[in-house]
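Below: one structure, written as structure tokens.
What follows is calculated from the coordinates using simple rules that are stated; it is not laboratory data. As the structure is a prediction and not an experimental result, all values here were calculated from the model. FYI the Cβ positions are ideal-geometry reconstructions off the backbone, even for glycines, and counts take in every protein chain you see.
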Amino acid sequence: MSFEKPRGAVEEKEKPKEKFSSIERVLGSKGQDISKEEREEVFRATEEIFKNQKKYKEELIKEYESIENIPEVLRVIFFEREKKDEEVYLINHANRLTNQLRNNFNKPDLNIPADNIHIIPSDVNWPKELGDNTESYYISLGQLIVLREPEIKQLKNSKTIFLKNLIHEMIHFKSYGSIKRLENSSEYNVYRSGLKSFKRENEFIGHFGILDEGVVEELTIKAIEDSKDLPLIKNEFEQTKRYKKVLEAEKTEDGQELINGDELFINFDQDEESLQIVCNGKVRERKILNQLIEKIYEKNQSQYKNKNEIFEVFVTAEMTGKIIKLGRLLDKSFGKKTFRKIADIGEDIDELESFINKLK
Ligand SMILES: [Zn+2]
């Protein structure tokens, strides 16, 4: 006999209602709390931006008076191209996968409309502040994702690369998110996005920004792995696997192995006899995160069955915003204020790497 409730109807009923914005909390600034009415108004405004990107674009033009005056990271969305049917299909797929991740933490579905994903052709000027290595980003206050088309023509049509960048940004979008009113101002800015939080007022340098990227990219790699049977992806996935085998014994000019197992997409252009290898992103961030997980595991083997259980502690903090358990685990493993020290290092990747290297 089992006391388990039958699956289905009951679970369906308990599932929380769908959400229409990534913002879960709206905070006042230090010593200046906000009224219930203002908070509700801010929630309503973000939902409006989420649901109606066309109107949001119109309002941006009104606010800045012309497209030229709009900050570059937002201006690019005015140069987006139309989405292909297969891209809309992949957006739906990515929404489903990332909703499952939310549901695991009892968070409601958040279906990001295709309108909120802006695809920018490679010949459009890319925001200078982001540099050439950034291919995509998420803007919490605009409730939007920007994806840049690859510049190299052999990569332009890769659906694996498109899906990888899309899922990465969707996980940022669907992680814990809060905004905070700036001191002595009616303006709001991002306060938390996943593990990342403001270091100082009015400055977007994040505590835990590096670990946040590591967690998001590791989750993305798992999601891509779960997508390999998708009809649109399958051929590319198998092609990459074939090339991995063929190239296994090859070395690069400086004597390194050509294939390291981290490849996302491989292509060989017969006409030009050129090889394109694209790997998963955030290599250093993931290395630092995994090194930290390894060190935590060494100290807590009696409590955790495997390293994945430690990774889950990071994912829980990322998705729910509750960082106390992670903080306690770090302090218990390496001494008081370890968590605080990692926060203070912020986004200085060299410093964080050497700090974690030295942890005992
Ligand atoms: Zn990211």
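The residue among L289, I167, N116 whose Cα reaches farthest toward the positive pole of the charge dipole of the chain, with charges on the beta-carbon of Lys, Arg, Asp and Glu, is L289. Using 0.36 nm per residue and subtracting the Cα-Cα separation, the extra length available between N104 and N189 on full extension is 27.8 nm. Ranking V278, A343, L219 by Cα position along the charge dipole of the chain, where only Lys, Arg, Asp and Glu carry charges on their C-beta atoms, puts A343 farthest toward the positive end.
Can you give the FRET efficiency to the nearest 0.05 for K245 and D269, using r as the Cβ-Cβ distance and R₀ = 22 Å? Efficiency at R0 = 22 Å is approximately 0.70.
With the Cα gyration tensor of segment 21-79 in hand, convert its eigenvalues to equivalent ellipsoid semi-axes via √(5λ) and list them largest first in whole Å.
27, 14, 10
Per residue, the convex hull spanned by the Cα atoms of the chain amounts to 202 cubic angstrom. Shape call for segment 296-360 from the C-alpha gyration tensor, a ≥ b ≥ c root eigenvalues: rounded (a/c under 1.5), prolate (a/b greater than b/c) or oblate? It is oblate, given that a/c is not under 1.5 and a/b is not larger than b/c. Spin-label model, N260 to N125: label points 7 Å out along the Cα-to-beta-carbon direction sit 3.5 nm apart. Looking only at N260, N300, N104, which one moves most when the chain is put into a Gaussian network model with springs between Cα atoms under 10 Å? Highest fluctuation of the listed residues: N260.
Step through the table entries K153/K245; K19/K322; K305/K332; K55/K228, compare each Cα-Cα distance with 27 Å, and write down the pairs that go over it. Over 27 Å apart, Cα to Cα: K55/K228.
Taking all Cα pairs closer than 8 Å and separated by 6 or more residues, the relative contact order of the chain comes to 15 percent.
Using Cβ point charges alone (K and R +1, D and E -1), the dipole size of the chain about the Cα centre works out to roughly 1920 debye. Bridges between two residues of the chain, per DSSP, are antiparallel at a rate of about 75%.
Rounded to the nearest 20 debye, the dipole magnitude of segment 15-103 is 500 debye, with +1 charges on Lys and Arg beta carbons, -1 on Asp and Glu beta carbons, and the Cα centre as origin.
In this structure the amide hydrogen of L27, modeled in the peptide plane, comes within under 5 Å of the amide hydrogens of I179, K180, R181, none closer than 5 places in sequence on its chain. If we count every other residue with Cβ under 13 angstrom of Q239's Cβ, Lys/Arg +1 and Asp/Glu -1, where does the sum land? Taking every other residue near Q239 into account, the sum is +3.
The stretch between Q301 and E253, if pulled fully straight at 0.36 nm per residue, gains 13.1 nm over its current Cα-Cα span. Applied to segment 297-305, the Karplus parametrisation 6.51 cos²θ - 1.76 cosθ + 1.60 on θ = phi - 60° returns per-residue 3J(HN,Hα) values of 4, 3, 7, 10, 5, 6, 9, 10, 6 Hz, with x for Gly and Pro. In this Cβ point-charge picture (+1 for Lys and Arg, -1 for Asp and Glu), segment 125-254 has a dipole of about 360 debye about its Cα centre. Over segment 146-267, the reciprocal of the mean inverse Cα-Cα separation, the Kirkwood hydrodynamic radius, stands at 17.1 Å. Taking label points 7 Å from Cα along the Cα-to-Cβ direction, K287 and N308 give a separation of 2.5 nm. If the Kirkwood radius is taken over C-alpha pairs of segment 27-142, then at 37 °C and 0.692 mPa s the Stokes-Einstein diffusion coefficient equals 197 µm²/s. Highest mobility in the GNM of the chain, judged by mean-square fluctuation with C-alpha springs under 10 Å and restricted to N95, N280, N267, is found for N267.
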